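Heads up: the structure comes next, in structure tokens.
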Amino acid sequence: MSENEGGGREGRRGFLKAAAASAAAVAVGAELLRPEKAAAQSVAWKQAGNNNHVLELQKAVPETAGKVQIDYFGHTAFRITTPAGLTLVFDPWRNDPSGAWGLWFPKEFPKLKVDVGLSTHAHFDHDALDRLEATALLDRVPGTWSFADVTITGVADKHATDAPGWYKWIDAVREFGADPYPPNNPGHLDNVTYLVETGGLRILIWGDNRHNPPDDVWKKWGRVDVLTLPVDGSQHILSYEQANGVVDRLKPKVVIPTHYLAAGTSSTLSTLQTADAWVDAQKASKRLDGPNLALDPASIAGYDRQFLYFGPNVLRG
């Protein structure tokens with residue numbers, strides 16, 4: 001064999017190795033571009049905006065007085081705007097990328113420009129942080145975070161597991177070989193509630209937390225002025241009795257129902273129902289005529305467990 005022939009064979013081998021590596025890289029790239037994979041990747045580098053608004057907010061006085069704006073995007077998704085103008089979006093939703101849970105939402109969550117995006121837990125109907133053009137993200141974060149005129153305390157606990165309604169969704173966890181119950185639950189059944197302090201109000205974003213956390217969790221929440229709770233007619237997350245027990249223990253001035261069927265936003269394939277029956281059974285309730293709510297300490301001073309229900313009134317972008 002001549003040197004040239006050997007070199008030619010080595011060259012061909014090198015070429016084939018390079019081609020195989022290139023093909024593997026393409027396959028990996030294609031895998032990452034699949035919709036269910038792409039949703040897990042960071043999208044911050046593609047955002048059109050920048051942090052100029054946050055730079056201005058760094059100059060804000062911590063105790064800024066004024067109204068706290070609450071806007072409802074359906075399911076458990078809220079935008080809270082502090083008196084200084086800081087925007088926070090909680091639990092943006094999406095459909096399950098695997099398709100296993102069906103089409104809960106006929107349309108995508110609107111693309112929103114926001115200062116801070118937050119998610120309470122890693123379920124598809126709470127974790128579409130890629131839909132937010134956010135300067136900062138707090139994903140299931142315990143502990144205390146302060147900026148401008150807001151302090152947010154993340155209190156770690158566990159997702160509800162009773163499945164008190166007719167649809168025993170919790171059985172799916174067992175079918176996949178996992179124990180859904182604490183302390184052995186898989187990570188997607190962890191939950192972080194967020195206590196938001198701004199404008200003189202203490203707002204508790206419940207997510208899908210269980211109704212019976214240990215005493216140390218209740219103590220961390222302390223006084224709650226505005227409480228969001230996931231209750232619908234199918235009692236998918238909390239039963240009426242469980243939710244009423246939470247309300248009676250915390251005694252908030254305002255209760256805002258979440259995680260219910262809202263026509264045009266969520267679909268009947270979710271198995272959810274409206275929260276009408278639960279709201280109608282309360283001593284003090286009001287059906288709001290729009291998706292926006294502005295509160296301050298003076299406006300709710302006389303309230304005691306007043307239910308404010310957005311019903312079908314949902315922002316769509």
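A few remarks follow.
- Relative contact order of the chain, pairs being alpha-carbon contacts under 8 Å that are 6 or more residues apart, as %: 17 percent
- Centre-to-centre separation between the Cα atoms of region 124-180 and those of region 68-117: 13 Å.
- Of all lysines in the structure, those lying under 23 Å Cα to Cα from Lys219, and not within fewer than 8 positions of it along the same chain, are Lys158, Lys251, Lys253.
- Choice from Gly177, Gly165, Gly154 showing the highest fluctuation, given a GNM over the chain with Cα pairs closer than 10 Å: Gly177
- Expected 222 nm ellipticity per residue - DSSP helices of 4 or more, -39500 (n - 2.57), all of the chain, to 500: -6500 deg cm²/dmol
- Ordering Ile237, Ala65, Pro183 by the projection of their Cα atoms onto the charge dipole of the chain, which places +1 on the Cβ of Lys and Arg and -1 on the Cβ of Asp and Glu, puts Ala65 at the extreme positive end.
- Per-residue Cβ neighbour rank within 10 angstrom, fewest leading, Ile70, Ile300: Ile300, Ile70
- Exposure proxy ranking, count of Cβ atoms within 10 Å, fewest first, for Ser270, Ser285, Ser42: Ser42, Ser285, Ser270
- With neighbour counts taken as other beta-carbon atoms within 10 Å, the residues Phe124, Phe310 rank, fewest first, as Phe124, Phe310.
- If both residues of a DSSP beta bridge must be in the chain, then about 60% of such bridges are antiparallel.
- Kirkwood Rh, angstrom, the chain [1 / mean 1/r, Cα pairs]: 21.3 Å
The numbers here are math on the coordinates, done by the rules we state, and not lab data. The model shown is predicted, which means the values in this text are computed figures rather than measured ones. Backbone-built Cβ (ideal geometry, glycine too); neighbour counts: all protein chains shown.
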